[in-house]
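Working notes for the structure below.
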Amino acid sequence: MEVNLTEPPKLINEGLVICRPTQPSHPFGIFYGENPLDYTFPLVLLEISIVIFITHILRFLLKPLKQPRIVSEIIGGIIIGPSVLGRNKEFATYVFPDHGTYVLKNVGVMGFMYFLFLSGVKMDLTTIKKSGKKDWYIAFFGVLIPIITTGSIALVFRKSMEKELAKGSSIWGVSSSLGITAFPVLYTIIQELNLLSSEIGRMALSTAVISDVIGINGVVAFEAAKQGEGKGIAALWYMVSFVVVLASIIGGVRQAMLWIVRSTPEGKPVEQFYVIAILLGVLVVGFVSDMCGLAIANGPLWLGLAVPDGPPLGATLVERSETIIMEVLMPFSFAFVGMYTDVSSMSGLWSSLKPLLFIALAGYFTKFVATLAVSRFFHMPLRDSLTLSLIMSERGHVELLLYIHWMDLKMITKPYFTMMVLLTTAIPAVATPLISMIYDPTRPYMVNTRRNIQHNPPNTGIHIVACIHDQESVAGFINLLEVSNPTVSSPFSVYALRLVELVGRATSLFIDHENQEQAFQHTSFNSIHNALRLFQESKGEVVKIHSFTSVSPKRSMYQDICELALDKKASLIILPFHKELGRTEMVRQGVQSVNSNVLAHAPCSVGVLVDKGPSRQASHHHFVVLFLGGGDAREALAYADRMAGNPDVSLTVIRFLSQNNEGDLEMEKKLDDGLVTWFWVKNEGNSQVVYREVVVKNGEETVAAIQAMNDDHYDLWIVGRKHGINPLLIQGLSNWSDNIDELGVIGDYVASMDLDSTASVLVVQQQVLRGQERDSAGCFLLRRFSS
């Protein structure tokens, strides 16, 4: 067969031109004697499987070591590359041949493009306006000091550096990359650490946005300088292209995005056509950027920034594309990095690698020190300053893409690239576990002062945080507050916190609607706000409602709830049950984990309300307290005691006792006796309060007693969650409880269909004090209730 080669003879003589017969994409099958790996499509499928499998195995193995996802993905790419599996010639030839790696690398570049696009969608540039002086100083000095330090060191080592790396433009490119903290990198790690709603997480993201804005100027200057090395006019054309493309995105594409948002009906998703068009636009803008010499990744990032973050457009784009990008495309990106990474190539080149190594280490160290120094200057606690410094030192996706770009510009060769990739892996591998050890976002919530209903001084106001996920939970909260007997001498300050899941943006929001001008558009917000306002107007001076909105991930939503309760010195947090029970059962997705985290970390008492709707139309209400002993039961009785003051409420208290006091904890029993005696003496003359005692031997008899007293006239069951209960009273019941973690054993039973009750349920947990056993101040309590 005659072949006509058009490549230069020099490349042919050196064996750099490879001839392959063209083959169809799909084989007939192995039964025809064909090797499926000789065909492109089966080969790509195998590569996809290997890359994703190895990455997920590593993620599973490294997770107990607190390693972030980026570490396992980079190591997975290195394992696939010439450093590990690629050293086997048969593996490299059959699984990753030259025509296979071509596809792999191109898909990997697409993965980086879409990753940066999504990062741009989630980034909120308006945080720059809201950032305080502290954020600006940390960002400015955190970028400036590393750039000056690394630039100075590079000038000292300039004579011993490679020719391309020693150029002024290359030194500036390396120094600026070491000074910048990339927002896409920080967001993924902060999200993994569950710090998006924490003060440190918000500050880090705000600082990163400012740092990126500063850094973009440095990158533009670097690119222009590189373009102008051959011809000075090329730098000018680069700047012209930069301005034209950026102006087109801001002036044209951004306006089109805003039109899409305006034309989408409130509460409805964006049309599929627009979503596909925008995702296709990522490839188009990448092509235009590469054609104009702007670096292929810049265009997708700018396009992402042009998309209005949050619902409806930003949220829809993230929801429909994030999984395929992060779980399928990005493993190709790290495999692409791994193909360039060859640890053996560094052998014997220490003298050449040493200058860049010193520059990189100096950049990381000065970044850490500069952030720490400025944070301490603004009187941040040492623990918080160290945490912020470690976060701002993180490296990841953006740095890897920069190193690939340096390879394309021939600034560095494979040994240098390998060293920088290893350093980029080491930084998060060390910093992220240290962050987990140093910083606990829940630490401030466990306070030493008592904040509960039982110990709230008489004739003083009560502060309550009411958490609202949807319109359906509003009516139950209002009914509960209505019967809780707020009075002029003991008014309620209710902090109504509307909880919205964070989707399509990176920065969580916490909005005080009384003190912030920031508008928040959400489908159900106005109706919820109007219902609360009307309730407040009907109650006059005895109830004051303050509206807040939290937009955060479900994983960290509890932090905003606990922070608000801590700041407002609340005595009680009221949570909706994760299921809406009634005629139909509806599960609120993610609410159970939110409730569990609040119960575990709340700085005050917590009530979980299982609202079954109005069981009957009546002006008079009948409530029953199931008192099984312990701190939670005492808190439930104290709250019911407030309700007993309402003339429209009848209250029945049932105390469960074990036969012959078997299984009782002595201290808990004394505290229970003291509170019950105080309650009975106080309400002895109240004909609407009934107190009874029931003696049982085990959990079966407890359930039988509850079933016997079940009455259609009950409107609300009030029970303690679990702490301090005599285990004999619930013996044998925990095995079949579905929601024991959220409601406790008895709360779960009375809320379940097994009891066949239409009454709502309030499950109460008393505040847990830090560093003290529950109710350790027992002597004080006994003195109070016996007086």
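The values are calculated or read from the model by the stated rules, or taken from the named source; none is laboratory data. Just so it is clear, the structure is predicted and the values come from calculations on it, not from any experiment. Positions of Cβ are backbone-derived with ideal geometry, glycine not excepted, and every protein chain shown enters the neighbour counts. Accessible surface areas use protein heavy atoms only, side chains included; no ligands, DNA or RNA. Shrake-Rupley method; radii C 1.70, N 1.55, O 1.52, S 1.80 Å.
Within the range 269-283, how many residues are open to solvent by 20 Å² or more (accessible area, probe 1.4 Å) and either more than 10 Å from PRO300 (Cα to Cα) or within 27 Å of the chain's Cα centre (by Cα) (or both)?
9
Of the residues that sit in the range 488-505 and are in a strand (DSSP E or B) and closer than 30 Å to GLU541 by Cβ, which one is nearest to the chain's Cα centre (by Cα)? So that I can check it myself, show each step before the final result.
In the first step, residues of the range 488-505 are kept if they are in a strand (DSSP E or B); the result is 492-501.
Still in the running and closer than 30 Å to GLU541 by Cβ: 492-499.
Details: PHE492: 32, SER493: 30, VAL494: 27, TYR495: 24, ALA496: 22, LEU497: 19, ARG498: 18, LEU499: 14 Å.
Among them, the one singled out is LEU499.
Mind checking which residues of the range 210-264 are basic (Lys, Arg) and open to solvent by 60 Å² or more (accessible area, probe 1.4 Å)?
Those that are basic (Lys, Arg) and open to solvent by 60 Å² or more (accessible area, probe 1.4 Å): LYS231, ARG254, ARG262.
I'd like the full set of residues that are open to solvent by 10 Å² or more (accessible area, probe 1.4 Å), within 22 Å of GLN766 (Cβ to Cβ) and not small (Gly, Ala, Ser), limited to the range 455-476.
HIS455, ASN456, PRO457, PRO458, ASN459, THR460, HIS463
Test LEU165 against the criterion of being under 30 Å from ILE438 (Cα atoms) and surrounded by 17 or more Cβ atoms within 10 Å (Cβ to Cβ), and give yes or no. Working first, answer last.
On the way: under 30 Å from ILE438 (Cα atoms): no; surrounded by 17 or more Cβ atoms within 10 Å (Cβ to Cβ): yes.
No; evaluated as a whole, the condition is false for this residue.
Out of the range 488-509, which residues are open to solvent by 10 Å² or more (accessible area, probe 1.4 Å) and either among the acidic types (Asp, Glu) or modelled with pLDDT under 85 (or both)?
Within the range 488-509, GLU501, LEU502, VAL503, ARG505, THR507, LEU509 meet the criteria.
Could we say that LEU303 is modelled with pLDDT of 90 or more, surrounded by fewer than 23 Cβ atoms within 10 Å (Cβ to Cβ) and not small (Gly, Ala, Ser) here?
no
Scan ILE12, ILE30, ILE48 and give me the residue that is modelled with pLDDT of 60 or more and surrounded by 10 or more Cβ atoms within 10 Å (Cβ to Cβ).
The conditions single out ILE48.
Considering each residue of the range 722-739, count those that are under 14 Å from VAL703 (Cβ atoms) and in contact with a helix residue (DSSP H, G or I) (Cβ under 6 Å, 6 or more places away or on another chain), and give that number.
Counting residues in the range 722-739 that are under 14 Å from VAL703 (Cβ atoms) and in contact with a helix residue (DSSP H, G or I) (Cβ under 6 Å, 6 or more places away or on another chain) gives 7.
Is the range 640-655 home to any residue that is open to solvent by 20 Å² or more (accessible area, probe 1.4 Å) and free of Cβ contacts under 8 Å to residues at least 60 places away in the same chain?
Yes, the range 640-655 contains at least one residue that is open to solvent by 20 Å² or more (accessible area, probe 1.4 Å) and free of Cβ contacts under 8 Å to residues at least 60 places away in the same chain.
Every residue, every condition in (1) closer than 23 Å to VAL84 by Cα; (2) modelled with pLDDT under 90; (3) surrounded by 20 or more Cβ atoms within 10 Å (Cβ to Cβ); (4) hydroxyl-bearing (Ser, Thr, Tyr), yes or no:
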| residue | (1), (2), (3), (4) |
| --- | --- |
| GLY100 | yes, yes, no, no |
| TYR114 | no, no, yes, yes |
| GLY120 | no, yes, yes, no |
| SER131 | no, yes, no, yes |
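Name the one entry in ASN683, ASN726 that is open to solvent by less than 40 Å² (accessible area, probe 1.4 Å), farther than 23 Å from LEU480 by Cβ and modelled with pLDDT under 85.
Details: ASN683 fails: farther than 23 Å from LEU480 by Cβ.
The conditions single out ASN726.
Based on this model, can you work out whether ARG634 counts as among the charged types (D, E, K, R), more than 32 Å from the chain's Cα centre (by Cα), open to solvent by 40 Å² or more (accessible area, probe 1.4 Å) and farther than 22 Å from SER757 by Cβ?
Judged against the criteria, ARG634 is not a match.
Answer yes or no as to whether VAL174 is in contact with a His (Cβ under 7 Å, 6 or more places away or on another chain) and buried (at least 20 other Cβ atoms within 10 Å of the Cβ). I'd like the intermediate steps shown before the answer.
Details: in contact with a His (Cβ under 7 Å, 6 or more places away or on another chain): no; buried (at least 20 other Cβ atoms within 10 Å of the Cβ): yes.
For VAL174, the condition - in contact with a His (Cβ under 7 Å, 6 or more places away or on another chain) and buried (at least 20 other Cβ atoms within 10 Å of the Cβ) - is not met.
Which of the residues that make up the range 322-361 are small (Gly, Ala, Ser) and open to solvent by 20 Å² or more (accessible area, probe 1.4 Å)?
SER344, SER345, SER347, GLY348, SER351, SER352
Does at least one position in the range 102-111 carry a residue that is closer than 14 Å to GLU327 by Cα, among the hydrophobic types (A, V, I, L, M, F, W, C) and either without any contact (Cβ under 8 Å) to a residue 12 or more places away in the chain or part of a helix (DSSP H, G or I) (or both)?
Yes, the conditions are met somewhere in the range 102-111.
Okay, residues lined up against (1) over 21 Å from VAL649 (Cα atoms); (2) assigned to a helix (DSSP H, G or I); (3) touching a residue at least 60 places away in the same chain (Cβ under 8 Å):
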{"residue": "VAL676", "(1), (2), (3)": "no, yes, no"}
{"residue": "ASN686", "(1), (2), (3)": "no, no, no"}
{"residue": "GLU700", "(1), (2), (3)": "yes, yes, no"}
{"residue": "LYS722", "(1), (2), (3)": "yes, no, yes"}
{"residue": "GLN767", "(1), (2), (3)": "yes, no, yes"}
